[in-house]
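Encoded as structure tokens, the structure appears first; notes follow it.
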Amino acid sequence: MAPLHPATHGIHADDCTNILTDIAPPIHTSTTFRYPRDPSKLTPVSPEEGEVMDLSMPLIYSRLASANINRLETILAPLIFPRAKEEEYEKLANHVVSYSSGLSAFHALLVSVVPKVVAINGGYHGCHGVLDLHKRMHGVRTVDLHADEKTWDESGIGKGDLVHLETPLNPTGEAFSIKKYAERAHARGAFLSVDATFAPPGLQDPFAWGADFVMHSGTKYIGGHSDMLCGILATAATSEGLKRAHGLRADRLHLGAVLGSLEGWLGVRSLRTMELRVQRQSSNADRLVAWLNDSVNGIGEDSSVVKKVVNRVTHASLQTADFSWLKEQMPHGFGPVFSIYAHDSQQARSLPSHLKLFHHATSLGGVESLIEWRKMSDAEVDERLLRVSIGVENWEDLKNDFLSAFKALAEGSASKENATNGTNVQVGQEGAKVEGAGQGSV
């Protein structure tokens, strides 16, 4: 039989786990599981060997493993390792470890590697927050990811340290060469971890370009419906990678960062349609970016209106000078997230209020389109920047919504706020308020 397509894996990769007649997998919420009633079948833990931490382990307690997250990790294996053969999937599922959030996955990575120096730059502010904790605990140092070799030499980055690359980058959607940073890291004996959240499975395979670890905030495209928190860490398909994954599972038990059973079930539901969603979202984004960028450059009938609000657009699809490597790294699309820079902060602040099909909210990856004036959750970002996460709507409807908003903003019409009276307890009746607590959260 010919190799299966990712869309098919998303639906059938867990067929091997089916022991019930349910087509839709049941939701298992139990936290603890019975031991065999037959005393002869009770196998005590060996003090020398301990417990084997992989998907073959009998269900004992849900902080170790549960049916829902085992199924999720099983489906992710052929998606994260698209070059693998079918007979390798069962083993490769043990290289995929799920967590309660993307940040708990990054924390687990640092606990596993224990680097003295981490090369990192910009990107997801939450990762910098986790690094600040590790700086406080054991003095880990950081160096600019994009610095020259002399600066890296001076930082002392070397064997056992970590080079952490986020590509495409949050919030701009710009991409970097994984191969380049793999070569830089490995030349020093360091590990390369790739945060591929903005290019989920199907758009990018970091392991093909030398990554040792691949991280996803599964909250975004793996979840895809803005209703679950999840983090994913995968290790390279080598014996050392498998050993490292076993260690990650053992650490997860004590970090307490296991994915919840309901979230595991939601993740399985979401993976069924991930290929459909991501391809549609990425295609929509490519078309919208091309239209916006052309308009900014004076091309097309909408140019005069768009140019009054939009100063520039950033997205991997616009990195034409890098296409020699970028089209190989991202052959099926450039990702559904991009950024718009308005001419001034007031335009950026006001644009979301003129849109009807884009929710003004943080996060990304859901089926619905979102836009965020990024100053709402990032104190350091350019105050003219808006991050756009494209959903699965018709792209021309989204284009027309943008165009109407640009016209209204250019004409100076005021947005209307719905006044709300009553309690200060937040139950969804008021827009989110970020007063410091949300800084760098997403």
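Count neighbours as other Cβ atoms within 10 Å of each site's Cβ, and list the trypsin sites (Lys or Arg not before Pro) in the range 335-411 that are DSSP loop with at most 16 such neighbours.
Passing both the DSSP loop test and the Cβ count: Lys356.
Where a Cα-Cα gap under 25 Å defines reach, which lysines qualify for Lys85, not counting those fewer than 8 residues away within the same chain?
Cross-link targets: Lys179, Lys243, Lys327.
Dipole of the chain, Cα-centred, from +1 at each Lys and Arg C-beta and -1 at each Asp and Glu C-beta, to the nearest 20 debye?
With Lys and Arg at +1 and Asp and Glu at -1, about 400 debye.
Please work out the Cα convex hull volume for the range 175-329 and give it in Å³ per residue. Intermediate results must be reported in sequence, preceding the final value.
Numbers: hull volume 23.8 nm³, N = 155.
Expressed per residue, the convex hull around the Cα atoms of the range 175-329 is 154 Å³.
Filter the trypsin sites (Lys or Arg not before Pro) in the range 145-222 down to the DSSP loop ones having no more than 12 other Cβ atoms within 10 Å, then list what survives.
For trypsin sites (Lys or Arg not before Pro) across the range 145-222 that sit outside H, G, I, E and B with at most 12 neighbouring Cβ atoms in 10 Å, the list reads Lys159.
So what does Trp265 come to for accessible area, using a 1.4 Å probe and Å² rounded to 10?
60
What does the charge dipole of the range 276-323 about its Cα centre add up to, to the nearest 20 debye, if the Cβ of each Lys and Arg holds +1 and the Cβ of each Asp and Glu holds -1?
Computed about the Cα centre, the dipole is about 200 debye.
From the Cα trace of the chain, what convex hull volume per residue do you get, rounded to a whole Å³?
181
With unit charges on the beta carbon (Lys/Arg positive, Asp/Glu negative), name the residue among Gly264, Asn293, Leu386 whose Cα is farthest towards the positive pole of the charge dipole of the chain.
Gly264
Shape of the range 145-250 from its Cα gyration tensor (a ≥ b ≥ c, root eigenvalues): rounded if a/c is under 1.5, otherwise prolate when a/b > b/c, or oblate?
Because a/c hits 1.5 or more and a/b fails to exceed b/c, the range 145-250 counts as oblate.
Highest mean first, how do 104-115, 22-33 rank when packing is the count of other Cβ atoms within 10 Å averaged over residues?
Put in order of decreasing packing, that is 104-115, 22-33.
Show me the trypsin sites (Lys or Arg not before Pro) within the range 6-81 that DSSP assigns to loop and that have at most 10 other Cβ atoms within 10 Å of their Cβ.
Arg34, Arg37
Give the long-range amide H neighbours of Asp195: residues separated by 5 or more places, or on another chain, with amide H under 5 Å away, using H modelled in the peptide plane at 1.01 Å from N.
Result for Asp195 returns Leu165, Glu166, Thr167, Met215.
Can you tell me the dipole magnitude for the range 218-312 around its Cα centre, using point charges on the Cβ only (Lys, Arg +1; Asp, Glu -1), in Debye to the nearest 20?
Charge dipole of the range 218-312: 180 debye, to the nearest 20.
What does the charge count around Asn394 come to, taking other residues whose C-beta lies under 15 Å from its C-beta (Lys +1, Arg +1, Asp -1, Glu -1)?
Net of charged neighbours comes to -1.
If I fit a long axis through the Cα atoms of helix 261-271 and take the longest principal axis of the Cα atoms of the chain, what angle between them do I get, 0 to 90°, rounded to 10?
Tilt relative to the chain: about 60 degrees.
What is the Cα coordinate range of the range 1-145 on the first, second and third principal axes, sorted by size from largest, in whole angstrom?
Reported extents, whole Å, longest axis first: 53, 44, 28.
Of the options Ala187, Thr219, His12, report the single residue whose Cα projects farthest towards the positive end of the charge dipole of the chain (beta-carbon charges: Lys, Arg +1; Asp, Glu -1).
Thr219
Between 0 and 90 degrees, rounded to the nearest ten: what's the tilt of helix 67-80 against the longest Cα principal axis of the chain?
Roughly 70 degrees, rounded to the nearest 10.
The values are calculated or read from the model by the stated rules, or taken from the named source; none is laboratory data. Being a predicted model, the structure only gives us computed values, none of them experimental. Ideal geometry is used to build each Cβ from the backbone, glycine not excepted, and the neighbour counts take in all protein chains shown. Each accessible area value is taken on the protein alone, full model and side chains, heavy atoms only, with ligands, DNA and RNA left out. Shrake-Rupley method; radii C 1.70, N 1.55, O 1.52, S 1.80 Å.
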